[in-house]
Structure formats: structure tokens, C-alpha cells
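Trainee: Here it is: the structure, laid out below.
The values are calculated or read from the model by the stated rules, or taken from the named source; none is laboratory data. Nothing here was measured: the structure is a model prediction, and the numbers come from that model. No Cβ is skipped: glycine too gets one built from the backbone with ideal geometry, and neighbour counts run over all protein chains shown. Side chains are part of the model used for accessible areas, which takes the heavy atoms of the whole protein and leaves out ligands, DNA and RNA. Shrake-Rupley method; radii C 1.70, N 1.55, O 1.52, S 1.80 Å.
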Amino acid sequence: MKEVLRRLYKLQMVDSDIALLKKKLMDIPKKEHISDENVKTAEEVVKEIETELQKKEILREKREREVQETRMNLAKHKTQLLTAKTNREYSALLKEIGEEEESIEKAEEETITSIMEIENLSKKLEEKNKELAEIRKRETTEKENLKKMQQELEVEIKQKTAKMEEIASHLSISQLMTYERIQKGRGNAVATVKDGMCTGCNTLLPPQFVTLIRRGNKIYTCEECGRILVWHKDVE
Ligand SMILES: [Zn+2]
């Protein structure tokens, strides 16, 4: 019977290992998603700056065209000033010339500001593009590693499952059913007894009961948690 208890314990160990490996395997798609999101976020940052830069360029070009037009009007009005026939016409032209000169001056100031803004944005874009390239490289490596990890986990799970089947083949149907029933309810079906306690639920067991478990002539279960109990020294 001691051998059966040892096998049940081993079954539990491998079973727990598989559960842990499966959990790791399930985490991989989440990690892949995070990796994709990191790249996407960096791409969005670049795109935002590009859009802003484009808007500023369009605005600058529009302003330049306006200034050009105003300059032409100004030249025209200055020529007309020389041939103005009435005082009224003359002062109207002067007023327009004044306004045009003012508008050109203002537009030139704005152009200086927008050139500076465009320069800053271009620098920022360059930085963010560099960052994006680094992030892409990093996340590509990360995803390759995840893929490799996934393959390794799958192999390991397969191996452990084969091991479980091998252990299970030495146990009877009723022993396996007992194991599975407890495992379903408790997560793990076997616990060791150490220092007079069930290590599954940390309940102190009666000394006579501990003696029975030490002898291991049959399968005993913990009254508190229902797990199969094995004497710790039998499986250490
Ligand atoms: Zn217990």
C-alpha cells in the first residue's frame, strides 16, 4: 500500500506541475497582446505628430500664399498712389497700404513662430520614430521568445502527461477515481503529514491517526480537507 500512496503522491506532483505549465501557456496570448499593444501605442504617437506636423505645414504654406498676394496688392496700390487723382482716392489707398504692410508684418512674425514649431515637431518626430524602431525590435524579440516558450511548454506538458499516464497505469480504477474526485474539489488530492499536521489544510491530526498514516496500510483522508494523506518521510 505504501507504494500506492507514493504513486498517488507522485501523480499529484506531476499533476500540479502540469497545471502550472498550463497556466504559463495560457498567459502567453495575453503577453503577445501586450507586446502588440506596445507597438501600436508607439505607432499612434508617431502618427499624431505626423498629423500635427502636416497641419502646421499646410498652414504655413497658406500663410505664404496670402503674404505673396498681399505683397502684390501692396505693389499695385503703391503704383496707383502715384497716379491718384483725388484726395479721397489717395487717402483710401494709403489706408489700404497701411493695412497691407501691417498684415505682412504680422504674417512674417507668425511664420517665424510656425517655422520654430515645425522644427521642434520634426525633432520630436525623429525621436519618436527612433523609439518606435527600438520598440518594434524589442517586441519582435519578445514575441519570438514567447513563441519559443510556448513550444517548450507544449513539449513539457506532453512529457508530463505521458508520465502521469505511466503512473496512473500502476493504480487501480478506484484509486484513480478517489484521486480525481478529491482533486476536482480541492485542486490537489494528496497532502503529506508532517509535524502531526495535514500540510494541505494545516490541521493538527490526532496522534493515533498519525501513527496509522505512518504505517500506511490503507488510504486515509484528512477529516478536515478530505485529501489523501501520506507520511512525509515516505515521499521525501
Ligand atoms: Zn487536511
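Trainee: Over the chain, what is the percentage of antiparallel beta bridges among all DSSP beta bridges, to the nearest 5? Please list the in-between numbers first.
Mentor: Working: 6 of 10 bridges.
Given both bridge residues lie in the chain, the antiparallel proportion sits at roughly 60 percent.
Trainee: Quick one: order 138, 227 from most to least accessible surface, probe 1.4 Å.
Mentor: Greatest to least solvent exposure: 138, 227.
Trainee: For the chain, set up a GNM with springs between Cα atoms under 10 Å and report which of 13, 164, 116 has the largest fluctuation.
Mentor: With Cα springs under 10 Å in the chain, the top fluctuation among 13, 164, 116 is at 116.
Trainee: Oh, and also: Quick check for me: using +1 on Lys/Arg Cβ and -1 on Asp/Glu Cβ, what's the dipole size of the chain about its Cα centre, in debye to the nearest 20? Walk me through the numbers before you get to the answer.
Mentor: Values: 46 positive and 47 negative charges, 421 e Å.
Charge dipole, the chain, about its Cα centre: 2020 debye, nearest 20.
Trainee: Per residue, how much accessible surface does the chain expose to a 1.4 Å probe? Answer in Å², no decimals. Numbers along the way, then the final one.
Mentor: Numbers: 16410 Å² over 236 residues.
Counting only protein heavy atoms, the per-residue value for the chain is 70 Å².
Trainee: State the extension gain, in nm to one decimal, for the chain segment bounded by residue 165 and residue 186, taking 0.36 nm per residue of separation less the distance between their alpha-carbons. Please report the intermediate quantities before stating the final value.
Mentor: Details: separation 21, 0.36 × 21 = 7.56 nm, distance 2.08 nm.
Extending this stretch completely gives an extra 5.5 nm.
Trainee: Using the basic label-point model (7 angstrom from Cα toward the beta carbon), what is the residue 2 to residue 158 distance in nanometres?
Mentor: Here the answer is 3.8 nm between the modelled labels.
Trainee: Moving on to the next point. I need the Debye-formula profile for segment 25-148: one equal scatterer per C-alpha, no solvent, reported as log10 I(q)/I(0) at q = 0.10, 0.19 1/Å, two decimals.
Mentor: Computed log10 I(q)/I(0) values: -0.56, -0.98.
Trainee: Just need log10 I(q)/I(0) for segment 83-126 at q = 0.23 Å⁻¹, Debye formula, equal scatterers on the alpha-carbon atoms, no solvent, rounded to two decimals.
Mentor: -0.76
Trainee: How much length is gained if the chain between residue 76 and residue 55 is pulled fully straight, taking 0.36 nm per residue apart and subtracting their Cα-Cα distance, in nm to one decimal? Don't jump to the answer; show the numbers that get you there.
Mentor: Numbers: separation 21, 0.36 × 21 = 7.56 nm, distance 3.17 nm.
So the extension gain works out to 4.4 nm.
Trainee: Moving to a separate point now. Just grab the label-to-label distance for residue 137 and residue 20, each label 7 Å out from Cα along the Cβ direction, in nm (one decimal).
Mentor: Spacing of the two 7 Å Cα→Cβ label points: 3.6 nm.
Trainee: Ok, one more. Out of 102, 57, 224, any idea which swings most in a Gaussian network model of the chain, alpha carbons joined below 10 Å?
Mentor: 102
Trainee: For the charge dipole of the chain, defined by +1 on Lys and Arg C-beta atoms and -1 on Asp and Glu C-beta atoms about the Cα centroid, which residue among 161, 26, 54 has the Cα displaced farthest towards the positive pole?
Mentor: Highest projection toward the positive end goes to 161.
Trainee: Please report, for the Cα atoms of segment 13-96, the Rg to one decimal and the Dmax as a whole number; what are they, in angstrom?
Mentor: My reading of the Cα-based Rg and Dmax gives 33.8, 109 Å.
Trainee: Calculate how large, on average over all directions, the projected area of the Cα convex hull of segment 176-235 is; give the answer in nm² to one decimal. Spell out each step's value before the answer.
Mentor: On the way: hull surface 15.1 nm².
Mean projected area for segment 176-235: 3.8 nm², to one decimal.
Trainee: Just how far, in whole angstrom, is segment 97-167 from segment 1-51 if you go by their alpha carbon centroids?
Mentor: Using only Cα atoms, the two centres lie 25 Å from each other.
Trainee: So if I restrict to the alpha-carbon atoms in segment 110-236, what is the Rg, and what is Dmax, the biggest pairwise distance, in Å?
Mentor: Looking at segment 110-236, its Cα Rg and Dmax stand at 29.8, 94 Å.
Trainee: Something else: Let's test this: bin the Cα-Cα distances of segment 47-104 at 5 Å from zero up to the farthest pair and state each bin's percent.
Mentor: Histogramming segment 47-104 at 5 Å steps yields 4, 19, 19, 15, 11, 8, 8, 6, 5, 3, 2, 0 percent.
Trainee: Tell me, in nm to one decimal, what length is gained between residue 115 and residue 127 on full extension, where the rule is 0.36 nm per residue of separation less the Cα-Cα distance? Intermediate results must be reported in sequence, preceding the final value.
Mentor: Details: separation 12, 0.36 × 12 = 4.32 nm, distance 1.85 nm.
Working it through step by step, the gained length comes to 2.5 nm.
Trainee: Of all accessible surface on the chain at a 1.4 Å probe, what whole percent is carbon and sulfur? Write out the running numbers ahead of the final one.
Mentor: Numbers: 8570 of 16410 Å².
In the chain, the share of accessible area belonging to carbon and sulfur is 52 percent.
Trainee: Of the cross-linked pairs 62/123; 143/163; 55/128; 22/143; 40/123, which ones have a Cα-Cα span greater than 28 Å in the structure shown? If you can, show how the numbers build up before the last one.
Mentor: Values: 62/123 23 Å; 143/163 30 Å; 55/128 18 Å; 22/143 18 Å; 40/123 21 Å.
Too far apart for the 28 Å limit: 143/163.
Trainee: Now, a different point. Top to bottom by accessible area (1.4 Å), largest first, where do 100, 43, 223, 64 land? Please report the intermediate quantities before stating the final value.
Mentor: Numbers: 100 20, 43 70, 223 175, 64 95 Å².
Largest accessible area first, the list is 223, 64, 43, 100.
Trainee: Same structure again: Can you tell me what the convex hull of the Cα atoms of the chain projects to on average, as an area in nm²? Please list the in-between numbers first.
Mentor: Working: hull surface 91.6 nm².
It is 22.9 nm².
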